[in-house]
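Visitor: Structure incoming, see below.
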Amino acid sequence: MKNIQISPSILSADFSQLALEIKRLEEGGADMIHIDVMDGHFVPNLTIGPTVIKALRKHSSLKFDVHLMISPVHKYIDDYADAGADIITIHPEATENLEQSVNKIKKLNKRVGVSLNPESKINLVENLLNQIDLVLIMSVNPGFGGQKFMPEVLEKVKYLKKFRKEKNLNFDIEIDGGINFENCKEAIEAGANILVSGTTIFKSNNGDIEKNINLLKLK
Ligand code: DX5
Ligand code: ZN
């Protein structure tokens, strides 16, 4: 079994002091930093872009797990690679040619992820599972933090875990949206090995990040 890793989403952080918030996550034991990039077009919300990510890069040695919710995504991939992303995750619906965009990310020597919305079917990515590093299963409709977890997406997580074993592949299974201390156990049991969490990490237990990370890891 893969180790469970926590990727806190800075969407729930204090945006007026992101560098400090990232430091707090690092001190609290985060395995990587989840950065939600939204364009107000692919999703109905707008966040940050490559300039801010680049500015944050020098404040942390943790991997930047960059979740691009922007369309068309292809022409912007270079900017996020330059800004210091370590993992670049894209949505199939946001590019004209998913394989081409996946290859572009790989050529830039970044880890590549493909994200599936709750409504998106596995077959959008199945033929690329031997080429990608990560599948990000959305357990809410992307756009906002603090939404309610959709347990039905765990069927996709289970399918991916089985597929990975049968084909002897090694991609990570990440889950994103509404993860809390109750559903993290089911998500892990279903096969997720990277848990994204914004609200639970930053707001539970008076913002005790270390405690919240450990609780999500079932420690
Ligand atoms: C939603 C984002 C998530 C979100 C998670 O579009 O992709 O990463 O910030 O936040 P919570 O944990 O609050 O659902
Ligand atoms: Zn995300």
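Visitor: List the chymotrypsin sites (Phe, Trp or Tyr not before Pro) within the stretch 44-112 that DSSP assigns to loop and that have no more than 11 neighbouring Cβ atoms inside 10 Å.
Guide: Numbers: sites: Phe64, Tyr76, Tyr80; in loops: none.
Qualifying residues, ordered by number: none.
Visitor: Consider just the alpha-carbon atoms of the stretch 173-219 and return their Rg together with their Dmax, both in angstrom.
Guide: Calculated on Cα positions, Rg and Dmax stand at 9.8, 29 Å.
Visitor: Now, a different point. Of the chain, which part is the longest with no GluC sites (Glu not before Pro) in a loop (DSSP not H, G, I, E, B) and with at most 14 other C-beta atoms within 10 angstrom?
Guide: Working: sites that count: Glu96, Glu119, Glu182.
Counting only loop sites that pass the neighbour cut-off, the longest clear stretch is 1-95.
Visitor: May I ask for the Kirkwood hydrodynamic radius of the chain, worked out over all distinct Cα pairs and given in angstroms to one decimal?
Guide: Details: mean 1/r = 0.0585 Å⁻¹.
About 17.1 Å, per the Kirkwood formula over Cα pairs.
Visitor: Follow-up question, since we're still on this one. Send over the Kirkwood Rh of the stretch 93-156, from the inverse of the averaged 1/r over different Cα pairs, rounded to one decimal Å.
Guide: Details: mean 1/r = 0.0779 Å⁻¹.
Mean inverse Cα-Cα distance, inverted, gives 12.8 Å.
Visitor: Here's something else I'd like to know. Note down the accessible area of Arg111, probe 1.4 Å, to the nearest 10 Å².
Guide: Its accessible surface works out to 90 Å², give or take rounding.
Visitor: Simple spin-label model, 7 Å along Cα-to-Cβ: Met1 to Asn214 in nm?
Guide: 1.9
Visitor: Additional query: For Thr51, what accessible surface area do you get with a 1.4 Å probe? Give it in Å², rounded to 10.
Guide: 110
Visitor: Moving on to the next point. Determine the per residue accessible area of the chain with all protein chains present and a 1.4 angstrom probe, expressed in square angstrom. Walk me through the numbers before you get to the answer.
Guide: Details: 10070 Å² over 219 residues.
Counting only protein heavy atoms, the per-residue value for the chain is 46 Å².
Visitor: Right, next: Considering only the stretch 5-216, what is the antiparallel percent among its DSSP beta bridges, to the nearest 5?
Guide: Values: 1 of 32 bridges.
Looking only at bridges with both residues in the stretch 5-216, the antiparallel portion is about 5 percent.
Visitor: Past 25 Å, Cα to Cα: identify those pairs from Lys75/Lys203; Lys167/Lys211; Lys158/Lys185, in the order given. Don't jump to the answer; show the numbers that get you there.
Guide: On the way: Lys75/Lys203 35 Å; Lys167/Lys211 37 Å; Lys158/Lys185 13 Å.
Where the Cα-Cα span goes over 25 Å, the pairs concerned are Lys75/Lys203; Lys167/Lys211.
Visitor: Still on this structure, I have one more. Provide the FRET efficiency to the nearest 0.05 for the Phe163-Asn206 pair, computing r from the beta carbons and using R0 = 25 Å. Intermediate results must be reported in sequence, preceding the final value.
Guide: Numbers: r = 40 Å, r/R0 = 1.62.
So the FRET efficiency works out to roughly 0.05.
The values are calculated or read from the model by the stated rules, or taken from the named source; none is laboratory data. Everything numeric in this text was worked out from a predicted model, so none of it was measured. With ideal geometry, Cβ positions are generated from the backbone for all residues, glycine too; neighbour counts draw on all protein chains shown. Please note that ligands, DNA and RNA were not included when accessible areas were found on the heavy atoms of the full protein model with its side chains. Shrake-Rupley method; radii C 1.70, N 1.55, O 1.52, S 1.80 Å.
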